[in-house]
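The values are calculated or read from the model by the stated rules, or taken from the named source; none is laboratory data. In this text, all values refer to a predicted model and were calculated from it rather than measured experimentally. Here the Cβ positions follow ideal geometry from the backbone for every residue, glycine too, while neighbour counts run over all protein chains shown.
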Ligand code: C5P
């Protein structure tokens, strides 16, 4: 079930040309089951009509702090009091300045001043306005007060100029909203989770590599699901076909060696490792320093074994380890053998051809005493089912009070 379901979100829209983009955010949050109250500043209404937001959220757009009839609570503070999260997107320089100064001269600033909920700010403005020391000082004040500020994106502005000040992708804002709600309400809140995802590229020469067809979809879905449940997620990702989720710490790697090092660096303090990456078993024995030229009809490439990342941490009994097995035959039998050989708590067995690179999977979850067959479904749902099973089967270890901080 989406973390958004039943949540009260205040979406503040202030005066910036990027205001039209957040109509999509209002739509997505509403479709995910949230009650989205859009609050517009006077300037925002010059950029987009309230009817757009009203149509997308199915709720009236609010702009008048004197016109909020509420039972028991004084109208103008009611919105902020009952909100699970306040997000302001786009946040204009003027709105940021008013919030930083504690001014409450309209419904949006009053709501922010009166809310105990987390506040997420997505500034979007002209690059000179963003770089202005006044705006920078306001942003740093707001950060210090515990508000989350999304870094504006760099690129082409509405005016003919290139610079920093664009509203980030809606998916990024959405991901951060999910993360903040997870940290407040999620079942994994406060826990550190390490997820590996994607393929490995093992170089042959400066332009060629040995790779595999892993798209990163299952690992990215797991990272997003753990984030939505409030975990502090480190996502160690090899090359992948899709954009990584927002609101996680992303460590990009290419080779199995780099992945092993990144996993070891991420493990201190972690409670759960989801080893979803399709790690390369072999690498070229010698990597050519220059591009190889074709010569003979045959070319022999010598490969050597890569380290097994899971085997290297098999002794870590404090860490719950979930491995993944993609096989073309004898799926369950091979997966069960790997569960034992690699010292895993659970292994997710997938039919390789159907699952690798695809948007869906039909996984079997195998642990020492259980075998759960999941239906063919989108990888997001598989991710949720995997974390449900981990939370059910290893609840005590997951929420154990003291953990060792070493990686051996
Ligand atoms: O042995 P096999 O590659 O099928 O095992 C798959 C599981 O082991 C996956 O969880 C994968 O991420 C992990 N693995 C690893 N190090 C390797 C190869 C695979 O940790 N060198």
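The lone criterion from (1) more than 28 Å from the chain's Cα centre (by Cα); (2) at pLDDT 95 or above left unmet by residue 30 is number (1). Among the residues of the range 308-315, is any more than 9 Å from the ligand (Cβ to nearest atom) and exposed (fewer than 15 other Cβ atoms within 10 Å of the Cβ)? Taking every residue of the range 308-315 in turn, at least one turns out to be more than 9 Å from the ligand (Cβ to nearest atom) and exposed (fewer than 15 other Cβ atoms within 10 Å of the Cβ).
Number of residues in the range 180-210 that are part of a loop (DSSP other than H, G, I, E, B) and away from the ligand (no atom under 16 Å from the Cβ): the value is 11. Of the strands (runs of 3 or more DSSP E) lying entirely inside the range 346-406, those carrying at least 1 residues that are over 25 Å from the mean Cα position of the chain (by Cα), within 15 Å of the ligand (Cβ to nearest atom) and crowded, with 16+ Cβ neighbours inside 10 Å are 346-351, 364-367.
Counting the residues of the range 248-266 that are within 14 Å of residue 192 (Cβ to Cβ) and in a loop (DSSP other than H, G, I, E, B) gives 1. Could you check, for the range 273-283, whether at least one of its residues is in a helix (DSSP H, G or I), farther than 30 Å from residue 180 by Cα and within 13 Å of the ligand (Cβ to nearest atom)? Within the range 273-283, none of the residues are in a helix (DSSP H, G or I), farther than 30 Å from residue 180 by Cα and within 13 Å of the ligand (Cβ to nearest atom). Annotation note: Cβ proximity below 6 Å between a residue of the range 304-324 that is within 11 Å of residue 279 (Cβ to Cβ) and a residue that is more than 9 Å from the ligand (Cβ to nearest atom) and at pLDDT below 95 (sequence gap 6+ or interchain) occurs for no pair. Only a single criterion out of (1) more than 9 Å from the ligand (Cβ to nearest atom); (2) within 14 Å of residue 275 (Cβ to Cβ); (3) more than 28 Å from the chain's Cα centre (by Cα) is not satisfied by residue 290, namely (2). Going by the structure shown, is residue 213 under 17 Å from the mean Cα position of the chain (by Cα) and part of a loop (DSSP other than H, G, I, E, B)? Criteria not met by residue 213. For residue 248, the stated conditions do not hold, so it cannot be described as more than 22 Å from residue 188 (Cα to Cα), away from the ligand (no atom under 16 Å from the Cβ) and either in contact with a helix residue (DSSP H, G or I) (Cβ under 8 Å, 6 or more places away or on another chain) or touching a residue at least 60 places away in the same chain (Cβ under 8 Å) (or both).
Applying the criterion of being over 13 Å from residue 365 (Cα atoms) and more than 10 Å from the ligand (Cβ to nearest atom) to the residues of the range 327-345, the residue that is surrounded by the fewest Cβ atoms within 10 Å (Cβ to Cβ) is 329. Taken across the range 213-235, residues that are modelled with pLDDT under 95, within 12 Å of the ligand (Cβ to nearest atom) and either more than 23 Å from residue 192 (Cβ to Cβ) or crowded, with 18+ Cβ neighbours inside 10 Å (or both) do occur, with at least one present.
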